[in-house]
Amino acid sequence: MYVLNSILFYFFSALAIASAILMVTRRNIVHAAVFLITTLLATAGIFLQLQAEFLFIVQVILYVGGIMVLFVFVIMLVNLDVSMRLVQFNRQWFVAGALALVLGAQVLFALWAGHTSLRLPAMQVDISPKNTEAVADALFSKYMLPFEIASILLLVAMIGAVVMAKRRV
Amino acid sequence: MGHLIPQAILPYVLPVVYAVVIVMVLPLLAGYIVLMERKVMADMQARLGPMRVGPHGLLQPIADAVKLLLKEDIIPENADRLMFWLAPLVSVTMALLAYSALPIGPEFQIADLNIGLLFILAISSLGIYGIVLGGWASNSHYSLLGALRSAAQLVSYETAAGLGLVSVLLLAGSLSMKDIVQAQLDQGVWFIFSVPFGFFIYLVGSIAETNRAPFDLPEAESELVAGYMTEYSGFRWSLYFLAEYANMVIVAGIATTVFLGGWLRPLASFHEHFPGTSIEWPDAFPSLLTLGVAFYCLSLAPKQPVKIQKIVMLAVAILCFILSGALLGALFAPTGVMQGIHGAFWFMAKVFAYLYAFLWFRFTFPRYRFDQLMRLGWRFLIPLALVNVIGVGVAIVLRQQLGWGPVASLIPTTLATLGVAIWLAKDDAPAATVQTADGE
Amino acid sequence: MVKDPSDKDPAAKPPESTAESAAIPAKPATPTPPSQPVTATPPAATTLPAAVKPPAPAAAAPPKAPAAPPPPKEAPPKPAPLDNELVQRLKAKFGDAIREATLDRKQAIVLIAAEQLREISRHCRDQEKFDMLVDLTAVDWPKREKRFDIVLNLYSFANNERLRLKAHSGENEPVPSVYDVWPAANWLERECYDMFGIVFEGHPDLKRILMPDEWQGYPLRKDYDILKQDTDWVRENLGIESGQ
Amino acid sequence: MTERGTNGMGNVSTTVLGADEIILNMGPQHPSTHGVLRVKLKLDGERVVGSECIIGYLHRGVEKIAEHRSYQQFAPYVDRMDYVAAVSNGLGYCEAVEKLLGTEAPPRARVVRTILTELQRIASHLLWLGTHALDIGALTPVFYCFREREEILKIFEKYCGARLTTHAFRIGGLQYETYDGFEQDVKRFCDDFSQKIDEYETLLTENRIWVGRTKGVGILSAEDAIAMGVTGPVLRASGVKWDLRKAQPYAAYDLYEFEIPTRSTGDTYDRYVVRMEEMRQSRRICLQAIENIPTGPIMARIGKVLKPPPGEVYHSIEAPKGELGYYIVSDGTTQPYRVRVRPPSFINLQAFDKMARGALIADVVAIIGTIDIVLGEVDR
């Protein structure tokens, strides 16, 4: 049981990393979008492995089924050959390089210190199977207020989008 | 038999077997649904339908499959090769993946996820990628227009279908498919009767979601030739075709499980027995039905014009006899086996009944125009679904707080929803013309 | 305005009767003497409010009494000059532009000068209530010096009657277009141009309608032999060497 | 964006394009253009801004051929123009030549001609209904319509041996006596046809989607219709109560009682209702006609060789698509000097641009269907 589990884990994480790298390096934007989708699905696989089924489903529906569809729609509607011809520049490589170094240092530190201070709690054999109910209870009892605020924020954003689009139609 | 397989992968064996069975059976099933569609269409149009290949056209699906395999596989000249190859694969894998949570029998289920229904909805919503990428990759104006149209249609009708299911989940109380069916058994009534509007909304939503019947805009032959499938041919096209019919069966499966009581026998709580035996009356029905079909095939066999068709018809008759024997034998077997086989029979019967409704709509209704389709989705179906969810919520509150009976609480809310539906339908009748004042 | 008497008037329908050997009972063909003076009052009081109509010269189709000798085919009357209300009003208004008015096979034909075509048409539509241009076509008489006949068939819903305006025009003589009077003339004039080469001034978009745009020659002219083809267009577009 | 001086009636000039407008080419090979019609649509998104019909793909030069054939030899050509309503073409041509000769068909011939023409009108409307519904997406009516149409074609085949291009009439009357059992066949067809028509009505008339797809689509006002010379069901649906069979009766139409159905708004739905009602009226005429078909000769006394005296005639009948007219000029020889056919489909199609403005692509298909054109007649 444990052997198969780790095999799956390494497969998913390798898939995620590989498609992330591929995504960044693709020239064709549609290929990039597809590789982004594979990364998200790989992380969803890892959630499933941890038997956090609700998170798996939210990842799939929200990210891949919702946001990425929007991405692909926009890619299709904006005719790409015009934007392709715009001159590509990368003058900010200096800023990007600095940020990359900082991030790399943090990761290395975490790895180095990892096996001592940042030890993750031992993986429990089985998180309570009914984690959907657990998430629901937490969401609607303890965190009721933030939940409401977040939903109103989303509502405002939606109405804003509709108003902006209305004028052009 | 348990000790033969290494301990590590034992829990995975049964699901894998089920998965293999389903993936093998599905293309065959899709083929025979196509035959059923053509025969029902012919019957409704006062003609015979395919009669030449095999007796009464029974071997037509095999002929179609072979033809599609042999057809030349053309890739448009400057199409995006990777996407062109990937798109049909995506839509087929998503269609097959969604079968994993579908409970055909009490045990015959690949994985009983406790988020079963949500899982199927999520996976079938990924089917949009197959269509959109296919339209984009074939690099032709018509298919891109068709792809965008069908994507917009899928997105808007998924919300409606989803909300239709939500209203039932309030009653069922759990996302797992097995629990939903169990809830219907415990409450002694199928959810189609307790939440009729949920069923109606889901029916309309599912038709639109699989691009069928009055909503088959993307492949509207008369305008955009064949929508996103225009440039595909040969085996690639048959993948799309398989995905469409697999989606239809999934949607029918969900409806059966959620609304029509999955593998439950129609009169689940009716327990009168045959005198002296433990067989209940309704249980005998499946074997009698298959027996009847067997005799019918037997009577047809001699009338077939060609010798080979006589043989095939005889084979079909024998197959039906074996089936009815199995169903009859199952009655005396231990309850686990009996429930499995009969459950599968009832499940398939309901799925085919639901599909028959699909086909029926297809041959009676003309096609909606795209803007009418969108207006119906957003301005009629989704508001109605929301009202329906609220109605069922109110009904549950009535039942728990005020202690009204299950029936008494649901009737007023359903009537209220009906009122809202009529009011909604009245003011935005699709006849609202788009015809603006004259151009000049 | 000549009401075509061979068309039965619904109002004046005699009672139903069983088979009558001579002629179909409904035909109000009263056997009046053939030499009917042209301007007599109409025999049957028709319900139509129109002005006085010329008589129905019943001589045109005498009942074929079986006694008549074999092939008693009675030739229709020669085209007789026509002088009724409409023609007088037209003459009053347009003077010599109205060249001649005849009655051929009980249908009124008015020959007019081509230059005045648009004004006369507008007059017919507004005053004489001929509100529908039924047909506009041309006939090619190569031997005449003004070889083309432009023929306009008009119909009046109010008076339920027809009138045919004819105008003569030469080989490359443009004719005023009646598109502004009746929009129906758009494609009809394009077809006349396509088939005969008659140029209509004032037509919004005069180009070929049936034949390919680059086709040389005008097919319906009498001098355009039926076997003749625009060989280079055919070779260019269809790649067929010989004409046939 | 103004086209070159076309004041609304004009065509789409492909050079003048608005910001995001595209030219979409429909046809000549397109599943729903009823033949080889090519329509250049100028679209703003999905809305039609301008349209131009390009025709001539089926032009066979019928009028040129007429000048090289004798009067009798030209009769079969007439069937090939509106090949869906061949019998009424034949009636129009034969009556025109009879008028040129100054003779008239005997009463029995006229009544039989009326029956066959009305049956042909039903057949033509059935074909229109089937293909029109198919374009809008209803897959079933086409098979029902063809089943009924088959019965009529059987009667034609029994009478004159041909189903489609029948050449059923001769100049001066009829060639064949009606076969015995003709009345019973027509009676049987008419009896079960009324029940069949109600069947189509239940399938379509109250069908919400059908109403949604046809009401308010392709509106043509009465003034525009008359100005454009549109005739037939399209004109009657715009509110003009005019039918040649009543206004200027020919053959034996003045003997029978029938109404002229008209509607007011002139949209696709009204044209559908008008044509359905016309089918019922034609059935009524047939029933009245077979009551008493007068006995007597079926051919007028005209010689074998027809030499009409010089002169010209214009005669028109009410064909299923509209007013079908023949303008024949004779120079005294056995061959007509000029035969001009007034094609109802050709002139009705002219109104397509006015109807299609402001419609969506899906409506264009419905509008082409509702004008009921046959390209053989449009291109001649």
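The values are calculated or read from the model by the stated rules, or taken from the named source; none is laboratory data. On a predicted model such as this, the values are computed, not experimentally measured, just so you know. Cβ placement follows ideal geometry from the backbone for every residue including glycine, while neighbour counts extend to all protein chains displayed.
If you check C:Lys146 against the conditions, is it away from chain D (no Cβ under 11 Å) and surrounded by fewer than 21 Cβ atoms within 10 Å (Cβ to Cβ)? Here the answer is yes, as C:Lys146 does meet what is asked. Within the stretch D:134-143, the set of residues being crowded, with 21+ Cβ neighbours inside 10 Å and more than 7 Å from chain B (Cβ to nearest Cβ) comprises D:Leu134, D:Pro141.
In the condition set (1) away from chain D (no Cβ under 12 Å); (2) assigned to a loop (DSSP other than H, G, I, E, B); (3) crowded, with 16+ Cβ neighbours inside 10 Å, C:Glu241 is compliant with all but (3).
Would you check which residues across the stretch C:120-142 are more than 20 Å from C:Lys91 (Cβ to Cβ) and away from chain D (no Cβ under 11 Å) and list them? The one that is more than 20 Å from C:Lys91 (Cβ to Cβ) and away from chain D (no Cβ under 11 Å): C:Pro142.
Of all the residues in the stretch C:152-196, those that are charged (D, E, K, R) and either part of a helix (DSSP H, G or I) or away from chain D (no Cβ under 11 Å) (or both) number 6. Would you confirm, using the coordinates I've provided, whether D:Ala168 is small (Gly, Ala, Ser) and either out of contact with any helix residue (DSSP H, G or I) (no Cβ under 6 Å at 6 or more places or on another chain) or farther than 28 Å from D:Pro344 by Cα (or both)? Judged against the criteria, D:Ala168 is not a match.
This table checks each residue for (1) more than 10 Å from every other protein chain (Cβ to nearest Cβ); (2) touching a residue at least 40 places away in the same chain (Cβ under 8 Å); (3) part of a helix (DSSP H, G or I); (4) β-branched (Val, Ile, Thr).
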| position | (1), (2), (3), (4) |
| --- | --- |
| D:Arg69 | yes, yes, no, no |
| D:Ala75 | yes, yes, yes, no |
| D:Cys94 | yes, yes, yes, no |
| D:Lys99 | no, yes, yes, no |
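Here the helices (runs of 4 or more DSSP H) wholly within the stretch B:361-430 that include at least 2 residues being more than 14 Å from chain D (Cβ to nearest Cβ) and either polar (S, T, N, Q) or farther than 25 Å from B:Gly188 by Cβ (or both) are B:382-397, B:406-427. Kindly establish whether C:Glu115 is surrounded by fewer than 17 Cβ atoms within 10 Å (Cβ to Cβ) and touching a residue at least 40 places away in the same chain (Cβ under 8 Å). Considered against the rule, which asks whether it is surrounded by fewer than 17 Cβ atoms within 10 Å (Cβ to Cβ) and touching a residue at least 40 places away in the same chain (Cβ under 8 Å), C:Glu115 comes out as yes. Could you go through the stretch D:161-180 and let me know if any residue there is assigned to a helix (DSSP H, G or I) and within 23 Å of the chain's Cα centre (by Cα). Looking for residues that are assigned to a helix (DSSP H, G or I) and within 23 Å of the chain's Cα centre (by Cα), one finds none in the stretch D:161-180, hence no.
Of the residues examined, D:Ile298 is one that is in contact with a Pro (Cβ under 9 Å, 6 or more places away or on another chain) and in contact (Cβ under 8 Å) with a residue 24 or more places away in the chain.
If you check D:Arg113, D:Arg108, D:Arg149 for being in contact (Cβ under 8 Å) with a residue 24 or more places away in the chain, charged (D, E, K, R) and within 14 Å of chain B (Cβ to nearest Cβ), only one passes: D:Arg149. Considering (1) under 16 Å from the mean Cα position of the chain (by Cα); (2) modelled with pLDDT of 85 or more; (3) closer than 28 Å to D:Trp242 by Cβ; (4) within 14 Å of another protein chain (Cβ to nearest Cβ), the lone condition that C:Leu111 does not fulfil carries the number (3).
Residue check: is C:Leu117 under 11 Å from the mean Cα position of the chain (by Cα), among the hydrophobic types (A, V, I, L, M, F, W, C) and more than 20 Å from D:Val341 (Cα to Cα)? Judged against the criteria, C:Leu117 is not a match. Return the total of residues in the stretch C:200-238 being outside any loop (DSSP other than H, G, I, E, B) and at pLDDT below 90. Residues in the stretch C:200-238 being outside any loop (DSSP other than H, G, I, E, B) and at pLDDT below 90: 8 in total.
Selection of the stretch D:170-202 for residues being polar (S, T, N, Q) and more than 30 Å from D:Val97 (Cα to Cα) yields D:Gln184, D:Ser194, D:Gln195, D:Thr202.
So that you can scan it fast, the table gives a plain yes or no per residue for (1) touching a Pro at 6+ places or on another chain (Cβ under 7 Å); (2) surrounded by 15 or more Cβ atoms within 10 Å (Cβ to Cβ):
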residue	(1), (2)
D:Ile152	no, yes
D:Ala162	no, yes
D:Tyr176	no, no
D:Tyr179	no, no
D:Cys190	no, yes
D:Tyr200	yes, yes
D:Trp210	yes, yes
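Listed by first and then second residue, the pairs linking a residue in the stretch C:216-239 that is touching a residue at least 40 places away in the same chain (Cβ under 8 Å) to a residue that is acidic (Asp, Glu), with Cβ atoms under 9 Å apart and 6 or more places separating them unless they lie on different chains, are C:Leu220/C:Asp140; C:Leu220/C:Asp194; C:Leu220/D:Glu63; C:Leu220/D:Glu67; C:Arg221/C:Asp140; C:Lys222/C:Asp140; C:Lys222/D:Glu67; C:Asp223/C:Asp140. The helices (runs of 4 or more DSSP H) falling completely within the stretch A:3-112 that include 3 or more residues that are more than 12 Å from every other protein chain (Cβ to nearest Cβ) and at pLDDT 85 or above map to A:29-49.
Restricting attention to the stretch D:17-64 and to residues that are outside any strand (DSSP E or B) and β-branched (Val, Ile, Thr), the residue that is modelled with the lowest pLDDT turns out to be D:Thr33. In the stretch B:105-122, the residue that is nearest to B:Ser206 (Cα to Cα) out of those that are touching a residue at least 60 places away in the same chain (Cβ under 8 Å) and either at the interface with another protein chain (Cβ under 7 Å from one of its Cβ atoms) or of a type in the set (Asp, Glu) (or both) is B:Ile115. Being among the hydrophobic types (A, V, I, L, M, F, W, C) and either crowded, with 24+ Cβ neighbours inside 10 Å or out of contact with any Asp or Glu (no Cβ under 9 Å at 6 or more places or on another chain) (or both) is a property that does not hold for D:Leu58. Among the residues making up the stretch B:1-47, those that are over 23 Å from D:Thr140 (Cα atoms), within 14 Å of another protein chain (Cβ to nearest Cβ) and part of a helix (DSSP H, G or I) are B:Gln7, B:Ala8, B:Ile9, B:Leu10, B:Pro11, B:Tyr12, B:Val13, B:Pro15, B:Val16.
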